[in-house]
Amino acid sequence: MYSSFGYNGGITAPQKTATLAGYDILKDGGTAIEAMVAAAATIAVTYPHMNGVGGDAFWLIKKDNQEPIGISGCGSAAANSSIDWYEERGISEQIPSRGGLSCVTVPGAVASWAKALSLVAKPM
């Protein structure tokens, strides 16, 4: 069992390289939001089945003396997604769980990163 101490901040991710990317951002004076975007972008490359640029993301951000902010990075349902659309493609029993035809939303992860980064105070 290991114990970790984050005296000057801390970050964790399900993959070591992603954790180190976020840590480097914090060490260089970046914010927690910037560190998490760095970690998420790294995971998209090193651990893509857990977080990819073609997926969704959800954020809960709490700044000092402010109400929590939620960001829903899931896209809206595809406009052409209907029973008829699937039946025209030979799918009548069940929407596939994998592949291009399984997609029923527009990916929102990258847009959520941009929204989160827009909350970071700009240097003067």
(Q) Any residue that is buried (at least 16 other Cβ atoms within 10 Å of the Cβ), in contact with a helix residue (DSSP H, G or I) (Cβ under 6 Å, 6 or more places away or on another chain) and among the aromatic types (F, W, Y) - is there at least one of those in segment 73-92? (A) no
Among helices (runs of 4 or more DSSP H) entirely inside segment 1-120, those with 1 or more residues being touching a residue at least 60 places away in the same chain (Cβ under 8 Å) are 32-46, 109-117
Checked segment 85-121 for anything hydrophobic (A, V, I, L, M, F, W, C) and touching a strand residue (DSSP E or B) at 6+ places or on another chain (Cβ under 9 Å); matches are V104, V106, A109, V110, A111, W113, A116, L119
Residue count, segment 13-45, condition open to solvent by 40 Å² or more (accessible area, probe 1.4 Å) and over 23 Å from G108 (Cβ atoms), comes to 9
Looking across segment 100-114 at residues that are farther than 15 Å from V53 by Cβ and open to solvent by 50 Å² or more (accessible area, probe 1.4 Å), the single one that is farthest from the chain's Cα centre (by Cα) is L101
Checked segment 1-12 for anything surrounded by fewer than 18 Cβ atoms within 10 Å (Cβ to Cβ) and touching a helix residue (DSSP H, G or I) at 6+ places or on another chain (Cβ under 7 Å); matches are G9, T12
Of those in segment 46-72 that are of a type in the set (S, T, N, Q) and more than 22 Å from K16 (Cα to Cα), the residue least open to solvent (accessible area, probe 1.4 Å) is S72
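The values are calculated or read from the model by the stated rules, or taken from the named source; none is laboratory data. Since the structure is predicted, the reported quantities are computational estimates derived from the model, not experimental observations. In this analysis, Cβ positions are derived from the backbone assuming ideal geometry, glycine residues included, and neighbour counts consider all displayed protein chains. When the accessible area is computed, the model is the full protein with side chains, heavy atoms only, and any ligands, DNA or RNA have been set aside. Shrake-Rupley method; radii C 1.70, N 1.55, O 1.52, S 1.80 Å.
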